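The values are calculated or read from the model by the stated rules, or taken from the named source; none is laboratory data. The structure displayed is predicted, hence computed values, not measured ones. As a convention, Cβ positions derive from the backbone with ideal geometry for all residues, glycine included, and neighbour counts pool all protein chains shown.
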């Protein structure tokens, strides 16, 4: 039986020995991950973290919301969120790619715009009420520039996807979707649409007449000798590239409601298209309310619009004209700040309410309802403050922050070297790995989620140095406690780890929880501090588990550390260790109690 027991115990020893060889695999894993992340950083073309306004320079605008006269409780979370989305669209329309628009408190909106943006133009854009108009569609084409107008029979064919997928506007009283099929536009219809455009510019009439649109016979003067303004509009439409943000911003600049306009918008498939639009017939103030609901008959998401008394008359007049036209001239474009957000078709005259249906999901229906509601949003904004941070000031702040971080790191290094000696090499290597991972991940998060490194975020990274060093100290002290009990280094490392691990996890959990709460309840730059603190806390756990512990296990086998060299930081004499513990055994041939063989 004893031999059988010995055979059973042998594999356990083998498994234990195999487990001790795993630290090398763990180290290889984290090093491969570091190389992969670093390679991804260089492949992305972003090798430095994106800087916030306080470091890179820029403009910060604070807007305070006010209710319009006669509107109570208009300053609420829903209206503020809608205003944020509209202002963000405006700022992005200026070609700004690193702006921040967010609410602060219950009635303030903070707009942070990085350097390189025209401050006067930005202040004008974010401080005015959104402009929402309903314009008749004259023609539509794919968003790319048209090579040859005469050789482009697909001017309407390219709008075919829009016509088929376009939302259909119906009378809200009946709740029935339009049953009129949308025929495929032809090349002749495209030329007719362009001829109508010429006729509109040549004529003082604000809207296309039903007879001229149906017959497609433009006036001789419009087709043969277009006036310069009409020719310029046609060239603007032909050359427009809606996939270019700068081109989209430029084409909508300075357009008045009474003008025939060129605009861009996305269809239901997410593809850019360009439009020639007639003068505005209805504006956003004519919309009483709009909401996204589910049609009880079809089960699909729709957007219901209700108009004011004057708006109902205007909308009935324009839909009466559009319902007699052929596609795409039977569509009206919902234009917000010059961009087409939807272009539903009309099959009948509509009254004071309408239902827009199509390939909506809940989110897209709510987005369109918000856009329509914002036209009548009972809010105005007053500019509270404008703060300009120059790049030079931001550079000075970053330089000061880096100096503070370097001083803090130097003090930590001095403490580790003086107190832990050889163990300080493990701590410094771990700090280096943590620093590399933090830098690479912050750099990758810039283009990925728009993370910007501001001064509070730098402070969070500096605080993280102490948190990370504290984890190493907890582990080292547990090991030294085991050595003081008279154990050798290798069993001390394995016995100390479970106790140190528990302490490290609890400490890091508290730090991460504080960072998470701070991130949720604050806005603006303080969130940068919270985000960085939370990120570095998570990386601390990763580094300690996947790098520090495996490296300590491997070095514990080396003679320098295992023998307790005076400069290893694990010298038993210096630590005041007890004499080595030895197990007791029975004397050979003795039937009396055990004989203690421990040396005096």
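Some observations on this one:
- Among the criteria (1) in contact with a helix residue (DSSP H, G or I) (Cβ under 6 Å, 6 or more places away or on another chain); (2) modelled with pLDDT of 80 or more, the one residue 375 does not fulfil is (2).
- Subset of the range 6-49 that is farther than 30 Å from residue 557 by Cα and either surrounded by fewer than 11 Cβ atoms within 10 Å (Cβ to Cβ) or at pLDDT below 80 (or both) - its residue that is farthest from the chain's Cα centre (by Cα): 43
- Which listed residue, of 586, 582, is in contact with a strand residue (DSSP E or B) (Cβ under 8 Å, 6 or more places away or on another chain) and at pLDDT below 80: 586
- The number of residues in the range 481-518 being loosely packed, with under 14 Cβ neighbours inside 10 Å and closer than 20 Å to residue 557 by Cβ comes to 2.
- Within the range 390-400, none of the residues are closer than 30 Å to residue 283 by Cα, over 26 Å from the mean Cα position of the chain (by Cα) and modelled with pLDDT under 80.
- Flag for residue 490 being over 27 Å from residue 436 (Cα atoms) and touching a residue at least 24 places away in the same chain (Cβ under 8 Å): yes
- Qualifying positions in the range 414-432 - within 30 Å of residue 40 (Cα to Cα) and surrounded by fewer than 22 Cβ atoms within 10 Å (Cβ to Cβ): 425, 428, 429, 431, 432
- Verdict on residue 536 being within 27 Å of residue 31 (Cβ to Cβ), touching a residue at least 24 places away in the same chain (Cβ under 8 Å) and within 19 Å of the chain's Cα centre (by Cα): no
- Test: residue in the range 513-528 that is over 30 Å from residue 62 (Cβ atoms), touching a residue at least 24 places away in the same chain (Cβ under 8 Å) and in a helix (DSSP H, G or I): no
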